[in-house]
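First up is the structure itself, then whatever we jot down about it.
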Amino acid sequence: MTQAEIKLCSLLLQEHFGEIVEKIGVHLIRTGSQPLRVIAHDTGTSLDQVKKALCVLIQHNLVIYQVHKRGVVEYEAQCSRVLRMLRYPRYIYTTKTLYSDTGELIVEELLLNGKMTMSAIVKKVADRLTETMEDGKTMDYAEVSNTFVRLADTHFVQRCPLVPTIENSDLGPPPPAPTLVVNEKDMYLVPKLSLIGKGKRRRSSDEDAAGEPRAKRPKHTTDNKEPIPDDGIYWQANLERFHQHFRDQAIVSAVANRMDQTSSEIVRTMLRMSEITTPSSAPFTQPLSSNEIFRSLPVGYNISKQVLDQYLTLLADDPLEFVGKSGDSGGGMYVINLHKALASLATATLESVVQERFGSRCARIFRLVLQKKHLEQKQVEDFAMIPAKEAKDMLYKMLSENFISLQEIPKTPDHAPSRTFYLYTVNVLSAARMLLHRCYKSIANLIERRQFETKENKRLLEKSQRVEAIIASMQATGAEEAQLQEIEEMITAPERQQLETLKRNVNKLDASEIQVDETIFLLESYIESTMKRQ
């Protein structure tokens, strides 16, 4: 665990959950697994506050616990899961593009609350959607339920581990902590609920309190006493499935840039066909026959079977080897080499960084060393057609920044420099790790800058929010245009300009965070895939 990762985890926990949770979370990240009383003693926090903080962290899957032989329960922070909070906006936006506003709000509620029952999610989302609709329109529970079922079918949401039910309670004292069990078969099985109703607006409940007819009041009270049909069945967002979708999108985009739109659509179809059957950690997709791919192509693509076979042959013969041929049955069996695709994407990211930091000539040398594997300095100068002095400077610059490495091969055991070959090489894995560390640092700096910007203009932001609240309440009561204009003039022209600048800066910083996180995702996926192969 590097200092940059710990700092980033600290900033994310503080931003999402506050100081106490951040203090406990960072302490666990630094020290590893610890029992409750040791955490309270080491952090100087009261036992009650530590319990509450751990409850929050466990609810959001940021901390796990395990019972040791002596019955001591130890808590351990999941640093990688804390860093996933950076990607929350991307998860939500992806669901919006795939399953519209309803899917977006379902995933947003799950990410905000950690774990929820299906009935609670459906009611909450229906209420939120009803509030955004025009007067007289409401969102039906059934519609939200259908979207939830679709999310479960495509594995974007999954059940949380359950506490197994013990029929005989006389087996002795209960364990110090419950053991959670995951049933693989029921992971994406949606309980059969008959949720009948519509979303409610907040105003309607206020009107009821003010003396409107209360015909439905007794019904609600009786409902509360009845057991909830899906009580105990909690759901969470399946982040691995989102990562699989992001990886697939990156591969499709890379194929589209390298070849054409039709090739990318064929690759997209192959990925879509194997997205549920192929585990997210697999190096290859399941083999698919040419006939199966042809039948599964989108309706708009009117290409013949012969043209499809030509495209598949072209993809299989491509030097990048995104698509490979695994057999000849069924018109030819094809797979997508996920590991090679991730390696190509990570290498392209490194090349791009070298070009932006050191210029096009350095990028030429970097690509050359990548291609040839091992080169002496004289060979680099000759192949790259760059003067010796410049080539030497560029190589040493990249060597000092750890983008390339130097390998010594001695002719004699004494390692005398005159009898030693010095070969330049690119270790993609170590370069990716170095770049990933820098990305974590960059995101931490971006978050700190955004916090500084908002803190500096705190008074102005509060004034702006007060004015907006006054205008909104006056519009609701039907105020005249002149009165609204008068309220708006409470913010002066220089203040308005300052607010615009602040908004522009914060938007830039937010966009930069998302862009850096895209790079982090590619590098992390490549490193994880490589480590599993070793």
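Helix 338-358 and the long axis of the chain differ in direction by around 80°, with both axes built from C-alpha atoms. Here the extension length gained between residue 66 and residue 484 equals 144.6 nm, from 0.36 nm per residue of separation less the Cα-Cα distance. Computed from point charges on the beta carbon alone (+1 for Lys and Arg, -1 for Asp and Glu), the dipole magnitude for the chain about its Cα centre is near 1220 Debye. Bridging of residue 532 to lysines at a Cα separation below 16 Å is possible for 340, once same-chain residues fewer than 8 apart are set aside. With the simple spin-label model, which puts each label point 7 Å out from Cα in the Cβ direction, the residue 325 to residue 276 separation comes to 3.1 nm. Listed by chain and number, the lysines whose C-alpha is less than 16 Å from the C-alpha of residue 389, apart from same-chain residues fewer than 8 away, are 378, 397. Think of the chain as a dipole: +1 on every Lys or Arg Cβ, -1 on every Asp or Glu Cβ, centred on the Cα centre; then among 406, 437, 141, 406 lies furthest on the positive end. Note on the chain: Rg/Rh from Cα positions, Kirkwood definition for Rh, rounded to two decimals, is 1.02. Between residue 382 and residue 59, the simple label model (points 7 Å from Cα in the Cβ direction) yields a spacing of 6.8 nm.
Determine one quarter of the surface area of the Cα convex hull of the range 255-386, which equals its mean projected area, and express it in nm² to one decimal.
Average projection, Cα convex hull of the range 255-386: 10.2 nm².
Quick check: net charge around residue 529, other residues with Cβ under 10 Å of its Cβ, Lys/Arg +1 and Asp/Glu -1? It works out to a net charge of +2.
Could you work out the Rg to Rh ratio of the range 416-502, with Rh taken as the Kirkwood radius (inverse of the mean 1/r over all Cα pairs)? In the range 416-502, Rg relative to Rh is 1.50.
Each peptide in 509-518, 20-29 gets a packing score, the mean of other Cβ atoms within 10 Å over its residues, and the list from highest to lowest is 20-29, 509-518. Note on the range 30-126: percent of Cα-Cα distances in each 10 Å bin, starting at 0 and stopping at the bin with the largest distance, equals 14, 35, 27, 18, 6, 0.
With the Cα gyration tensor of the range 436-487 giving a ≥ b ≥ c as the square roots of its eigenvalues, does the rule (a/c under 1.5 for rounded; else a/b larger than b/c for prolate; else oblate) give rounded, prolate or oblate? Verdict is prolate for the range 436-487.
Could you work out how far helix 261-274 tilts from the main Cα principal axis of the chain, as a 0 to 90 degree angle to the nearest 10? Value to nearest ten degrees: 60. Cα to Cα, under 19 Å, and not fewer than 8 places away if on the same chain: which aspartates and glutamates meet these conditions relative to residue 455? Excluding near neighbours in sequence, the set is 15, 19, 495, 500, 510, 513.
Read the figures in this text as sums done on the coordinates, not as results from a lab. Keep in mind that this is a model prediction, so the values were computed, not measured. Note: ideal-geometry Cβ built from the backbone for every residue, glycine included; neighbour counts use all protein chains shown.
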